[in-house]
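Asks: Handing you this structure, nothing more for now.
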């Protein structure tokens, strides 16, 4: 499973462990995401602290690549267990 931090890390550094893991996962099958993951990814990607790494144009390209490479699925139940809860 790839969380938002992993996806952002992969975007920041295309040769990082996270980027390589993402590429490997793609070669093995289909990567899916939920609407919640997409929303969180966009929220983080477009935070002002990333201005020094990516222009708006590049961030839009990253978001487009995400949409073109991965498949959205509907979530029918919520998993409450998390090793890094926000609450």
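The values are calculated or read from the model by the stated rules, or taken from the named source; none is laboratory data. This one's a predicted model, so the numbers in the text were calculated from it and none came from an experiment. FYI the Cβ positions are ideal-geometry reconstructions off the backbone, even for glycines, and counts take in every protein chain you see.
Asks: Need the failing condition index for residue 58 against (1) modelled with pLDDT of 90 or more; (2) outside any helix (DSSP H, G or I); (3) surrounded by 12 or more Cβ atoms within 10 Å (Cβ to Cβ), just the number.
Replies: (2)
Asks: Filter the range 1-23 for residues that are under 15 Å from the mean Cα position of the chain (by Cα) and surrounded by fewer than 11 Cβ atoms within 10 Å (Cβ to Cβ) and give the result.
Replies: Across the range 1-23, the qualifying residue is only 1.
Asks: In the range 52-64, what residues are free of Cβ contacts under 8 Å to residues at least 24 places away in the same chain and touching a helix residue (DSSP H, G or I) at 6+ places or on another chain (Cβ under 8 Å)?
Replies: Of everything in the range 52-64, those that are free of Cβ contacts under 8 Å to residues at least 24 places away in the same chain and touching a helix residue (DSSP H, G or I) at 6+ places or on another chain (Cβ under 8 Å) turn out to be 59, 63.
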